[in-house]
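The values are calculated or read from the model by the stated rules, or taken from the named source; none is laboratory data. From a predicted model like this one, the values you see are computed outputs, not experimental measurements. Glycine gets a Cβ as well: all are built from the backbone with ideal geometry, and neighbour counts include every protein chain shown.
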């Protein structure tokens, strides 16, 4: 059990952090029994514990007992532990050498976290505030330059590692469904429902320019094949036939997505009202945010998709800053589809401090806006669904991989080979930390002039090969909700058996949870150095879970220590 001594203002973010690191914990009680105590307010427990972790960039009263002195402080510093680099966004204290080095600051600036052995146990002193960092990540999010690093997940992994190195087992519900290695969520923003709505406007002329001239330029520099260039030219020539209804509209690709995805299911976010650019949009060319279609134009297709298991969500216009607009927009989608539970992603990924409250007050079931328009990675530093700060319950399904950011002009603009290295590194992170990778492939990205269908098919094949569970956004959010609702009521260790009293409700429509027990090397002497050994036990809804550790230790899984790289060497 972990006991947490935190500032009163941090209690909400502490609770959210331990929904992501789903392990037994509670706010520290003087009569509680704890193996680990985490302190971020400067207090220390009244009785000795096996491991005390103190996070703070300020000099603490207890530091003098361990001869700890702060040499210097920094802001926004890259740190390095034994296996990974990660940024700290707040104040960082660099210590004078007085213990075992655990984390150092980049550019040889000094020691940021150290371990000290005591007669009663161990003390780890970290020169930053964990919960300030979590607050920053879940609210402001990371700048694009640090997008490749799942920083929040690194904090969880580092904390788990410190506990195990102290010889203390860790019990948790990992963010990985039973029988799968990770979760993948496929989504499609429908900004255009056909090129036939665009005659002699900037959209049409932009398409003609990119399909003819840009395709030629890309072919000459080896980014595009001649076959794809000719396909784009052919599409331009066919435009009059599309406008007269004599040829299929190549920007309307619902059926092709269904064919490609096969047994997988994805989520389509649809515009509620046409010809509305929205207000409060400060991005360049904001007038072009208005679309020439809305859900009424494709209502039959939308209802058919919904009936066959694909999901329809709201591609909100003004919902991000206005509760009234959010209610009007979600009602429009709900009425056409004929269901109450509707999720949201805001058009152009607009979002601000008012958004969580506005979306929640409108009854939107989840949001999936927080990602990057011009980068790929972890805006909030995590692969997990989390509760939006500023809302009581509204979950955020973070967006990690967007086609236009990855391949498009004006963004990363990578070649297929470069882009694939970025994607496989992203998958590596999700396999390491668990959680979900959320992918956005726009409606027209399978068609001329983008022709990113082969790349999307390759992504789906990679997900299959890596044993990912693929579902709609709402079902992924429901899985994380089931995990959040699981409660460790009581843990008891006796001899070589672990007994868990738990509460929670199983959802038979989605994969079950699993209980994971990590073994420290002090308990499991056969564990290779630098590796992590754990046991997974399926949870089938029972309120009491018993694990015979001696019996299950032979059925272990050994995971090598991971060097968590970023994408910097991918292009």
Looking only at residues in the range 61-95 that are closer than 16 Å to residue 125 by Cβ and in contact (Cβ under 8 Å) with a residue 60 or more places away in the chain, which one is farthest from the chain's Cα centre (by Cα)?
-> 63
The one condition in (1) crowded, with 20+ Cβ neighbours inside 10 Å; (2) touching a residue at least 60 places away in the same chain (Cβ under 8 Å); (3) part of a helix (DSSP H, G or I) that residue 142 fails to fulfil = (3)
Looking at (1) part of a loop (DSSP other than H, G, I, E, B); (2) in contact with a strand residue (DSSP E or B) (Cβ under 7 Å, 6 or more places away or on another chain), which is the only condition residue 375 fails?
-> (2)
Picked from the range 162-197 (must be within 20 Å of the chain's Cα centre (by Cα) and outside any strand (DSSP E or B)), the residue surrounded by the most Cβ atoms within 10 Å (Cβ to Cβ) is 175
With criteria (1) over 17 Å from residue 109 (Cα atoms); (2) surrounded by 16 or more Cβ atoms within 10 Å (Cβ to Cβ), residue 84 comes up short on (1)
Taking residue 236, is it surrounded by 15 or more Cβ atoms within 10 Å (Cβ to Cβ) and in a strand (DSSP E or B)?
-> no
Could you grab me the full set of residues in the range 395-440 that are without any contact (Cβ under 8 Å) to a residue 40 or more places away in the chain, buried (at least 23 other Cβ atoms within 10 Å of the Cβ) and either outside the structural domain of residue 462 (by TED's automatic domain parsing) or part of a loop (DSSP other than H, G, I, E, B) (or both)?
-> 400
Could you tell me whether the range 509-523 includes any residue that is modelled with pLDDT of 90 or more, surrounded by 13 or more Cβ atoms within 10 Å (Cβ to Cβ), in a strand (DSSP E or B) and assigned by TED's automatic domain parsing to the domain that holds residue 398?
-> no
Hey, could you check the range 366-376 for residues that are surrounded by fewer than 24 Cβ atoms within 10 Å (Cβ to Cβ) and touching a residue at least 60 places away in the same chain (Cβ under 8 Å) and say which is nearest to residue 146 (Cα to Cα)?
-> 375
Selection count where residues are touching a helix residue (DSSP H, G or I) at 6+ places or on another chain (Cβ under 9 Å) and more than 14 Å from residue 56 (Cα to Cα), scope the range 84-102 | 7
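So, residue 51, is that one closer than 19 Å to residue 123 by Cα and in contact with a helix residue (DSSP H, G or I) (Cβ under 7 Å, 6 or more places away or on another chain) or not?
Considered against the rule, which asks whether it is closer than 19 Å to residue 123 by Cα and in contact with a helix residue (DSSP H, G or I) (Cβ under 7 Å, 6 or more places away or on another chain), residue 51 comes out as yes.
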